[in-house]
């Protein structure tokens, strides 16, 4: 009889412990004030394309403002939502990124990323898989962030070499103007709990 009672107590503790542990992480999503844009160079001038729509979700765990843990970061965007000030530039970008065959750009983090929080700020890098134009690469994305009024903001600039993703830099005016191979992805996310 005692062994049954102990078993019940142990099972209850395990269930409660599992639930508490599962509640440590909160799901959050980037809100509408978040931004992503791509900048680059060409033989004529610098250029910029804004990403009009995207989704970012993450599981977050905070520990008394001493550290913060991220996991299951998921970013997704449609190539067709990249827009510049020139329609021709957009068309060239869509063709270079093989929009019709690979319409989506994604990033998925790997494992957990634990970062130290100092005066409400944190810096570090997130490991994950970036997929562009159907090519997947294991990458490390450097981030910096701040926790204010219970909200988390994360930003960074990630350099991308187009050739690493089998992307041919766009050309204009019969090849007289050519975009540079290296671009930068600028991102700024403000997260809200879901």
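FYI, it's all coordinate maths here, none of it is from the lab. Computed from a predicted structure; not experimentally measured. Cβ sites come from the backbone with ideal geometry, for glycine too, and all protein chains shown count toward neighbours.
Bridge orientation summary for the range 23-193: considering DSSP beta bridges with both residues in this region, about 100 percent are antiparallel. With the Kirkwood sum run over all distinct C-alpha pairs, the range 23-193 has a hydrodynamic radius of 17.0 Å.
Mean separation of Cα pairs under 8 Å and 6 or more residues apart, divided by the residue count, gives the range 23-193 a relative contact order of 26 percent. Fully extending the segment from residue 139 to residue 42 would add 32.4 nm, taking 0.36 nm per residue of separation and subtracting the current Cα-Cα distance. Protection proxy ranking, highest mean first, for peptides 46-57, 183-194: 183-194, 46-57, where packing is the per-residue count of other beta-carbon atoms within 10 Å, averaged.
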